[in-house]
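Colleague: Please read through the structure below; I'll follow up with questions.
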Amino acid sequence: MLYNIMFKYFNPYKIFKINSTLQKFVFFSFIIVLSIGLVESLFLSPEDYLQKDSVRIMYVHVPAAWISLGIFSTIALLSTSVFLYKNKNLILVSKSLAPSGMLFTLIALVTGSIWGKPTWGTWWAWDARITSMLILLILYIIYLLSFRISDDKDKSNKISAIIAIFGAINIPIIKFSVDWWSTLHQPASITLTEKSTIHSSMLVPLIIMTAAFALFSILIFLMKYNTELIKIKNKGLKRL
């Protein structure tokens, strides 16, 4: 019964029908939220008393890191469900999420490097947080490549799911690296259990930019998902 419920709401052809409308809605929402976020972060938010205007990189770096971690965690959960429910469409969903996750991981690394130069005096340091984020990028790349290593789709799907599940071990390492080791990164300023140490004048644009990036990741997902469905449809026609 649970399988039938999941198939009903994750039915690829049902999603395909509403994708075009969703893409337009998400795209316009993304433009609006991003515009507000850029005005808030570039012009209305104050400069930091120590880092000055370089702190504005935070409004790209932090949301990108959050989204990249969230997407890989989602992929790992979906991959676990693949083994439990044998629903191949969950693999399609995971595969469609991965490109945006990889993109935001790369953005987080690049912006972190740019931010590190004026803050730490170096473009790159083998800091625990930076290194674990680099590992996350490698995991995303390996995950996407795993779909190409074999002509046997069932085999490649299983390999990709295993990579995602074991790769999820890196997520808490990234999260708690600043607590477990002596790193250049400061401890988290925003947690679910404690009050934020970031002033509202900086917190608001940070939340808005995070929402904008989340919308962008959804947009990429919808586009990639449609592309994957078209590939499946074309393969089916060729067999006929």
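Colleague: Of the numbered conditions (1) over 13 Å from the mean Cα position of the chain (by Cα); (2) in contact (Cβ under 8 Å) with a residue 40 or more places away in the chain, VAL110 fails exactly one; give the number of that condition.
Modeller: With respect to (1) over 13 Å from the mean Cα position of the chain (by Cα); (2) in contact (Cβ under 8 Å) with a residue 40 or more places away in the chain, VAL110 is out only on (2).
Colleague: In region 102-119, is there at least one residue being out of contact with any Leu (no Cβ under 9 Å at 6 or more places or on another chain) and polar (S, T, N, Q)?
Modeller: The answer is yes, given that some residue of region 102-119 is out of contact with any Leu (no Cβ under 9 Å at 6 or more places or on another chain) and polar (S, T, N, Q).
Colleague: Moving on to the next point. In this structure, does LEU90 turn out to be surrounded by 15 or more Cβ atoms within 10 Å (Cβ to Cβ), free of Cβ contacts under 8 Å to residues at least 40 places away in the same chain and either farther than 21 Å from MET202 by Cβ or within 12 Å of the chain's Cα centre (by Cα) (or both)?
Modeller: no
Colleague: Then there is this: Restricting attention to helices (runs of 4 or more DSSP H) lying wholly within region 48-150, give those where 1 or more residues are in contact with a Pro (Cβ under 9 Å, 6 or more places away or on another chain) and either modelled with pLDDT under 85 or among the acidic types (Asp, Glu) (or both). Break it down into steps so the answer makes sense when it comes.
Modeller: Values: elements: 58-85, 88-120, 128-145.
Those helices (runs of 4 or more DSSP H) span 88-120.
Colleague: With respect to SER150, determine if the residue is within 23 Å of ILE71 (Cα to Cα) and either charged (D, E, K, R) or without any contact (Cβ under 8 Å) to a residue 60 or more places away in the chain (or both).
Modeller: Against the criterion (within 23 Å of ILE71 (Cα to Cα) and either charged (D, E, K, R) or without any contact (Cβ under 8 Å) to a residue 60 or more places away in the chain (or both)), SER150 does not qualify.
The values are calculated or read from the model by the stated rules, or taken from the named source; none is laboratory data. Not measured: the values here are computed from a predicted model. Positions of Cβ are generated from backbone atoms using ideal geometry, with glycine treated the same way; all protein chains shown enter the neighbour counts.
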